[in-house]
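A short worksheet on the structure shown next.
The values are calculated or read from the model by the stated rules, or taken from the named source; none is laboratory data. If you're wondering where the values come from, they're calculated on a predicted model, not measured in any experiment. Cβ sites come from the backbone with ideal geometry, for glycine too, and all protein chains shown count toward neighbours.
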Amino acid sequence: MLAGAQAVQAQARQQVSFNLPAGPLPAALAAFGRQAGLQVTYRPEIASGKRSPGLSGALPPDMALGRLLQGSGLAYRFTGARTVAIVDPAAPGDVGAVADGSTLLGAINVTAGGGNPVERPYETPGATAYISEENIERFRGSNPADMFQGTPGVMSGEARNAGSAIDVNIRGMQGMGRVEVTVDGAENAVTVYQGYQGISNRTFVDPDLLAGIDITKGSDVASNGIAGTVAMRTLDAGDIVKEGNRFGVRLKGGFGTNTRSPKDGAVSGYDWPSGQPDAPTPSPDGMNRPSFLTPTSGSGSVVGAYKGDRIDLLAAYAYRKRGNYYAGEEGPGAEPVNIGPREYCTAWGNCSQVEDYYVNGGLTNYRPGEEVLNTQLETESWLGKATVRFGDGHSLKLGYTGFRSEAGDRLASRLTSGSSQATQQPQTAGTRLDTGTLHYNWQPDDNDLIALKANLWFTHLELRNPKRTGFTLPEPGDFRPGSDSDLWGGEIANTSRLSTGFGAVDVDYGISYRGEDTRPSPGTKEAETWLDLRDGIRHEVAGFAKMAWQARDWLTVEAGLRYAHVWSKDRNDPYLERNYTYDSSFNDGGFSPSVGVTVEPVDWAQLYVRYSNVMRAPSIIESVSAFTMNVNENLRPERSSNWEIGANLIGDGLIAAGDRGMVKLGYFNWVVDNYIAREWYTYPNGSMGMRIFNIDSASFSGLELSGRYEIGGFAAELAANYYLDVEFCRTADSCESKSLYADYATNQVPPEYSVDLTLSQRFFGDALTVGGRVSHIGPRAVGHGDVTGQGMSQFITKIDWKPYTLFDVFAEYRFNENFTASARIENLMDKYYVDPLSLVNQPGPGRTFYASLTASF
């Protein structure tokens, strides 16, 4: 401990040149941390609304920090050689803090929380993003998928037909494990059959209990996500218990509008005659939209927590219920258009001339302002956590997440064209999810060689769907077929920090294991005689090591290596009555290297370049058999060559004293060799069917921009991305800027460009915040090719959307430290639109008002 105290004191007394203008205290602390080379930790609320007088000159960090905190009522303490905690000395729980800002060494605890994580992506030499709890609440939308709006290069597919699930797409790649999505380090991803229209890759989460989302775009040797990782963190005791208190409670309740309880058997849009093309008949249902401010949905949550010197406890419950939402009224809704005389041919080849031929002039078969069927949602969530700190850097955290959902869920293949008429189903899709996690950390203050993390997790997931096909039920009543899945895993990793005569070196290394077992639920085999009944198990083990060498103050060199091995087994048996040519198993592995260089020529600029060559073995869905997709004994792993080139720019006093600006600009170029796709295939014996296979490659390249500007109580955030190219190559000589016939990627192609601008302003001593966001979505990046290549209808229909612009506004008022009210209007202009990356041809929600009240004690 003595050596550790000496290191702390040496760091505190070292002279550093500072240039910190007067302004908001959070911005000053962030700038201080960068210029001093320190990690500054504090709970954001203790610095909110406070200002710093600023300073300039060469001073020891402890003296500089004391001056920055003058008049704030806050103090500090160094908690390590490179960390300092800002505390409230008036709080009884802050033992060791003193009012004059002097440094107190000895037995100390690291303060919970951290600076401003919103700024972290602008300080990270790589393609990263962060979605804060504040933004999740402000722009949570009607479905969890809306959380990702405004994150460059990141979207969620199936935004309106997946209930409470997300299907994250990063730079045009999604599903099959290409994006690793975790909640508190655990996975619950599952693939849902959508008929010939493809599959949904779903992860279930309740945004009400999230504290933040960290996103990495591209590969990292410590992760198995070839396209990136999405790490969602749920609430901890430190997010609920106020500084200086032991106990904390948060109560939240709210309501929304623009929905209605479903009516079984209701139909949508127009009935388009299948014979002689007479005029379409409008449905009598769905045009009874409630008034704008009529409450029609509701939500509530309660969180309680205890934060002690050694033990933290948290328990939470959240409930939400919503009916079917209504589409907007401004835009290309369903509209029969008489195009006059035309030859009409039936499916049997009989043709005749008709005088009046009608087509749908809209995007979908929903009218403007119409109720969108099967979009209702009801969820319940539970969260429990217990953390024990044993001293000397040892801690153990045990967590449980429970989630229940009943949601409308339309089989995508039955609603793909402009003439498809939806029907409200009497059954909903049910989700039952239970996850347990165990996290162990060991990070002693006086040993830079040990920062150990070990995690174990287990997830049990049950999905039940409305009956979709087959002829017999194994039992009467409300039986629903589905699947049961168990997912489990663990990892052990350590970070060692070495000081050498050639510069500091950080080394990260570890091992991991993941398992997945998915099977039809009891009775499903008999009830769904023609569905995708996968039954298999998959294992993956991996080890990694990476290092970052700070060769000079301005130069950092990184390198990493990962080895992963995957094996899976198909347990399907003869009940499917199909003859497979081999036993449908997979067993393969490979190395994934990466290198990178970061250059910091000046204090306010960071330039970086990264390259990785990453292997992805087939997922369980690609390596076991099913009705609509036979596997291929010659299937090979994907291998992606990824380039990332970017710059981070951060400056203070750009336009006026006290302002702060940040910009992150990046270019990416991914080439995925042996890209795994699906095709319609004719076997040597003349039979035909779907199968998984490798095409030569797929490639994705583009530009991403994010920026933030703050001055006083004003903040502006810009997010934009532009795809330079998206290309699929069946062979090395047949590359096209088009998605492939019958392949799942058909509806995973992102918009060519998107732009989001968010503005906010604080008033009345930060008590009132008002703001808004404008989001523009461009056209599909590339077309869809070869749709009639087999002389049949499309196996996967491309869901069209048109470019659109949405406006959202919000207001938040803090009455005092205990009560906060918020209100927001989403889709202010009541735009009629279709979300990108959809599998179902239906519009998104129209203008919706939300209001909530939060009480925290």
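Can you tell me which residues in the stretch 122-151 are acidic (D, E), more than 14 Å from K664 (Cα to Cα) and touching a residue at least 12 places away in the same chain (Cβ under 8 Å)? Steps first, answer last, please.
Here is the first cut: in the stretch 122-151, the ones acidic (D, E) are 123, 133-134, 137, 146.
Going one step further and asking which of them are more than 14 Å from K664 (Cα to Cα), we end up with 133-134, 137, 146.
E133, E137, D146 - these are the residues of the stretch 122-151 that are acidic (D, E), more than 14 Å from K664 (Cα to Cα) and touching a residue at least 12 places away in the same chain (Cβ under 8 Å).
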**Asked** How many of the residues making up the stretch 687-707 are among the hydroxyl-bearing types (S, T, Y) and more than 21 Å from D673 (Cα to Cα)?
**Response** 2
**Residues located in the stretch 623-668, provided they are crowded, with 17+ Cβ neighbours inside 10 Å and of a type in the set (S, T, Y)** = S623, S625, T628, S640
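Here is a yes/no grid of residues against (1) under 19 Å from Q443 (Cβ atoms); (2) without any contact (Cβ under 8 Å) to a residue 60 or more places away in the chain; (3) not assigned by TED's automatic domain parsing to the domain that holds I537:
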{"residue": "R480", "(1), (2), (3)": "no, yes, no"}
{"residue": "S483", "(1), (2), (3)": "no, no, no"}
{"residue": "L487", "(1), (2), (3)": "no, no, no"}
{"residue": "I492", "(1), (2), (3)": "yes, yes, no"}
{"residue": "T495", "(1), (2), (3)": "yes, yes, no"}
{"residue": "S499", "(1), (2), (3)": "yes, yes, no"}
{"residue": "A504", "(1), (2), (3)": "yes, yes, no"}
{"residue": "G510", "(1), (2), (3)": "yes, no, no"}
{"residue": "T518", "(1), (2), (3)": "no, no, no"}
**Asked** Among the residues of the stretch 456-466, is there at least one that is modelled with pLDDT of 95 or more and either among the polar types (S, T, N, Q) or in contact with a helix residue (DSSP H, G or I) (Cβ under 9 Å, 6 or more places away or on another chain) (or both)?
**Response** yes
**Filter result (modelled with pLDDT under 95 and over 20 Å from Y130 (Cα atoms)) within the stretch 698-712** = I711, G712
**Message:** Considering only residues that are in a loop (DSSP other than H, G, I, E, B), under 15 Å from D696 (Cα atoms) and charged (D, E, K, R), which ones fall in the stretch 722-752?
**Reply:** R730, D733, D743
**Asked** If you take the residues of the stretch 49-89 that are part of a strand (DSSP E or B) and of a type in the set (K, R), which of them is farthest from L38 (Cα to Cα)?
**Response** R51
**Asked** In this structure, is E717 part of a strand (DSSP E or B), crowded, with 19+ Cβ neighbours inside 10 Å and modelled with pLDDT of 95 or more?
**Response** yes
**Request:** Please specify each residue of the stretch 143-171 satisfying the condition of being β-branched (V, I, T) and either assigned to a loop (DSSP other than H, G, I, E, B) or closer than 15 Å to S775 by Cα (or both).
**Result:** T151, V154
**Prompt:** List pairs: first in the stretch 635-659 and assigned by TED's automatic domain parsing to the domain that holds N669, second assigned to a loop (DSSP other than H, G, I, E, B) and β-branched (V, I, T), Cβ under 8 Å, 6+ apart or cross-chain?
**Reply:** E638/I226; S640/I226; N648/T124
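Which of the residues spanning the stretch 420-459 are in a loop (DSSP other than H, G, I, E, B) and within 30 Å of Y366 (Cβ to Cβ)?
As a first pass, look at the stretch 420-459 and keep what is in a loop (DSSP other than H, G, I, E, B): 420-422, 424-428, 443-451.
S420, Q421, A422, Q424, Q425, P426, Q427, T428 - these are the residues of the stretch 420-459 that are in a loop (DSSP other than H, G, I, E, B) and within 30 Å of Y366 (Cβ to Cβ).
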**Prompt:** Of all residues in the stretch 228-268 being part of a loop (DSSP other than H, G, I, E, B), of a type in the set (S, T, Y) and buried (at least 16 other Cβ atoms within 10 Å of the Cβ), which is nearest to the chain's Cα centre (by Cα)?
**Reply:** T257
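Residues R762, R773, R780: which one is buried (at least 18 other Cβ atoms within 10 Å of the Cβ), among the basic types (K, R) and in contact with a Pro (Cβ under 7 Å, 6 or more places away or on another chain)?
Numbers: R762 fails: in contact with a Pro (Cβ under 7 Å, 6 or more places away or on another chain); R773 fails: in contact with a Pro (Cβ under 7 Å, 6 or more places away or on another chain).
Within the list R762, R773, R780, the selection yields R780.
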**Complete:** Subset of the stretch 609-634, residues of a type in the set (S, T, N, Q), closer than 27 Å to K546 by Cα and in contact (Cβ under 8 Å) with a residue 60 or more places away in the chain, comes to S612, S619
**Request:** Working only within the stretch 181-231, note down all residues that are closer than 18 Å to A159 by Cα and without any contact (Cβ under 8 Å) to a residue 60 or more places away in the chain.
**Result:** V181, N201, R202, T203
